[in-house]
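Here is the structure we will look at.
Read the figures in this text as sums done on the coordinates, not as results from a lab. In this text the structure is predicted, and so the values were computed from the model without any measurement. Virtual Cβ from ideal backbone geometry, glycine too; neighbours counted across all protein chains shown.
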Amino acid sequence: MTRSARLRRRLVELLLDEDVLHAPEWVAAFRAVPRHVFLPRFFVPAGGLWAAVERGDPGWLETVYSRDVLVTQLDDDPDRWELARRDGPVAGTPTSSSSMPSIMAIMLEELRVRDGQRVLEIGTGTGYNAALLSHRCGAGLVSTVDIDPGIVETARERLATAGYRPACAVGDGALGFPAGMVFDRVLCTASVSSIPVAWLAQTAPGGLIVTTLNRPIGAGLVRLVAGEDGTAQGRVLARDGRFMPLRAHRLPEYDPLPTPSRDDWEQTRLPMVMVIQPRRQFEFFAGLALPGVRAIRVSTDDEAPSFALVHPDGSWVRQRRRAGANEVAQGGPRALWDLAEAAYVEWCELGKPERDRFGLTVTADRQEFWLDAPDGRTWPLD
């Protein structure tokens, strides 16, 4: 057995231990598809910057078969890797990656593919996920689309090297597959702020759409069932997963926050982590109650890095820990932290619902979340 095959088997064992991989068909796919073919080079974190790694470097193969997300592009610029390789680690924002294998396994299993079904992947990336789909579904049943021509061409070549030939196209994933085909399953490996109506038109009635939502707070996986009339309805999934957004769905930059004065700080019983950390049950509901609010990391000369909440209307909240207590300072047109505290009270009164008690309805003129049933309490998706 080759070294790469041993590492693939070890990765599968890790995914089984994490309880994210179950179906024999997907176990076989992860064991068979050579991830290293799709990741001859990538970036790794290096002291707040990004260092360039390529095939043959010490630890390259072990990193490829680790459980980590591996960044393959910064700032939408394919030349950043060469710059980092020549001059050393560079700054930048990840814009393409090979996702964590655990999240890939979760999404692939949630897609509930059956033999003979046609699958569309939105977001080709490295091509590794398309290879997994091709191994499971067979020749001619997988199509994949990405907006970046260079990414698509490279992925097509690597897929062929690995023995897979799905239909690869260049296009805006929000518009579906350029040929206008109809699919039984649609899987988006990037996140979206709302469900593109083009996906509904390209999904056969009764077909499934699995994607992640690009929500600043309370993001995660949803699975929708396409209807007969260009509508869809489904659930927020208990198993979480988060991805980079499609380019058209990226969030805008924020303005620098003001520095609170000493008198602006007040004690609170609600820790910031309850609002912003995905593993906290309240986080999803907080996102519904605070639409458009996002968490950012902030720091000053005399404080350790911390998180703040900001909104495009200029409202903001900062929190700090002083003398064993949580303190907040807030400003702008709305008191965001007052809204967060009120939302926590409401969440408790509703019985502390977790994310899988929420569903999603999509029509031509509205997209909304609901609690427990479509005729229950609702919130607009965007």
So, in nm, how far is label Ala28 from label Glu228 when the simple model puts each one 7 Å beyond its Cα toward the Cβ? 3.6 nm
If the label point is 7 Å along Cα→Cβ of Asp382, which residues in segment 115-137 have backbone nitrogen under 20 Å from it? 122-123
With Cα springs under 10 Å, the Gaussian network model of the chain assigns the largest mean-square fluctuation among Pro45, Pro149, Pro256 to Pro256
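Of Asp115, Asp146, Asp75, how do they rank once you tally other Cβ atoms within 10 Å and put the fewest first?
Values: Asp115 9, Asp146 27, Asp75 13.
Ordered by Cβ neighbours within 10 Å, fewest first: Asp115, Asp75, Asp146.
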Mean separation of Cα pairs under 8 Å and 6+ residues apart, divided by the residue count of the chain: what relative contact order is that in percent? 10 percent
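Sort Cys348, Cys137 so that the residue with the fewest other Cβ atoms within 10 Å of its own Cβ comes first and the one with the most comes last.
Cys348, Cys137
Taking 0.36 nm per residue of sequence separation and subtracting the Cα-Cα distance, how much length would be gained by fully extending the chain between Asp172 and Glu327, in nm to one decimal? Please report the intermediate quantities before stating the final value.
Values: separation 155, 0.36 × 155 = 55.80 nm, distance 4.40 nm.
Between Asp172 and Glu327, full extension yields 51.4 nm more.
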If the chain between Leu350 and Arg6 were fully stretched, how many nm would it gain, using 0.36 nm times the residue separation less the Cα-Cα distance? 119.0 nm
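Once you have the Cα-Cα distance between Glu110 and Leu83, take 0.36 nm times their residue separation minus that, and quote the gain in nm to one decimal.
5.8 nm
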With labels modelled as points extended 7 Å from the Cα through the Cβ direction, what inter-label distance (nm, one decimal) is found for Met181 paired with Ala160? 1.8 nm
Just how large is the dipole of the chain about the Cα centre, in debye to the nearest 20, putting +1 at every Lys and Arg Cβ and -1 at every Asp and Glu Cβ? 1240 debye
